[in-house]
Amino acid sequence: MSWLDKLFGKTTKEEETMATEKLNIGIILGSTRQGRVSPQVGDWVKEIADKRGDANYEIVDIADYNLPFLGTTDGSEPGIAAWNEKLANLDGFVFIVQEYNHSITGVLKNALDFAREAWNNKAAGIVSYGSTGGARAAEHLRGIMGELMIADVRVHPTLSLFTDFENGTVFKPAELHLDNVNAMLDQVNAWSGVLKTLR
């Protein structure tokens with residue numbers, strides 16, 4: 001299809017098929033430590049997302065892949081190939097991000113670095129938490145996503161360890177976050193659908 005056809009809204013059969021297929025969006029848990037709360041936050045996001053019915057949402061837990069530290073092995077571990085295969089089958093992402101020392105966790109950075117093309121030309125949203133809502137970690141993640149050709153969306157739900165978690169361990173989100181999560185998912189789905197035509 002020529003750029004003129006695209007400009008004037010003409011579509012191919014392939015593009016029409018892509019537009020009717022549901023997108024696959026992975027909700028990536030960015031922590032693997034003992035006692036982590038990211039599964040609670042991920043399940044909450046997935047529960048909200050599933051009610052929408054606009055995409056196929058799934059939890060993707062970095063801990064399930066047993067990734068070694070990048071550069072410390074020969075790269076033959078099965079988890080590395082499985083991680084890349086999982087990412088390749090997703091159209092977009094929602095990162096559940098914890099703030100550690102003003103940045104993202106080491107395991108999330110490691111997982112990001114273990115793939116390249118599988119990230120490219122996809123969209124992502126961020127749900128972060130920490131003492132300041134995880135805002136500083138999210139900003140670091142945005143810079144990394146730019147390098148990996150992931151389009152990060154603007155709406156960014158931020159959760160406070162002081163008001164959205166009981167004793168810092170039991171997740172009890174304020175109702176006001178619901179609108180932000182849905183607005184973020186609106187953007188992730190819209191951008192993921194458009195970017196799929198580039199791959």
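Local charge for residue 171 was computed over the other residues whose Cβ lies under 15 Å away, with Lys and Arg +1 and Asp and Glu -1, and equals -2. Counting lysine pairs in the chain whose alpha carbons fall under 15 angstrom apart, excluding pairs fewer than 8 residues apart on the same chain, gives 7. Here the Gaussian network model covers the chain, with springs between Cα atoms less than 10 Å apart; of 95, 162, 171, 162 fluctuates the most. Each label point was placed 7 Å from the Cα along the Cα-to-Cβ direction; for residue 178 and residue 88 their separation is 4.0 nm.
Summing +1 for each Lys or Arg and -1 for each Asp or Glu among the other residues whose beta-carbon sits under 15 angstrom from that of residue 24 gives +1. What does the C-alpha gyration tensor say about the overall shape of region 121-199? Classify as rounded when a/c is under 1.5, otherwise prolate if a/b is larger than b/c, or oblate. Oblate, because a/c is 1.5 or more while a/b does not exceed b/c.
A simple spin-label model places pseudo-atoms 7 Å from Cα toward Cβ; at residue 21 and residue 139 they are separated by 3.9 nm. On a 0 to 90 degree scale, rounded to 10, what angle separates helix 177-196 from the longest Cα axis of the chain? So the helix axis and the longest Cα principal axis differ by about 40 degrees. The 3J(HN,Hα) values that the Karplus relation (6.51, -1.76, 1.60; θ = phi - 60°) gives for region 140-157 are, in residue order, 5, 4, 4, x, 5, 4, x, 5, 8, 6, 9, 7, 8, 8, 6, 5, 9, x Hz. Gly and Pro appear as x.
Fraction of C-alpha pairs exceeding 27 angstrom in the chain: 30 percent, rounded to a whole number. Counting only protein heavy atoms and a 1.4 Å probe, the chain has 51 square angstrom of accessible area per residue.
The values are calculated or read from the model by the stated rules, or taken from the named source; none is laboratory data. Quick caveat, the model's predicted, so the values are computed rather than measured. Glycine also receives a Cβ, built like all others from the backbone with ideal geometry; neighbour counts cover every protein chain displayed. Side chains included, ligands, DNA and RNA excluded: accessible areas come from the protein's heavy atoms. Shrake-Rupley method; radii C 1.70, N 1.55, O 1.52, S 1.80 Å.
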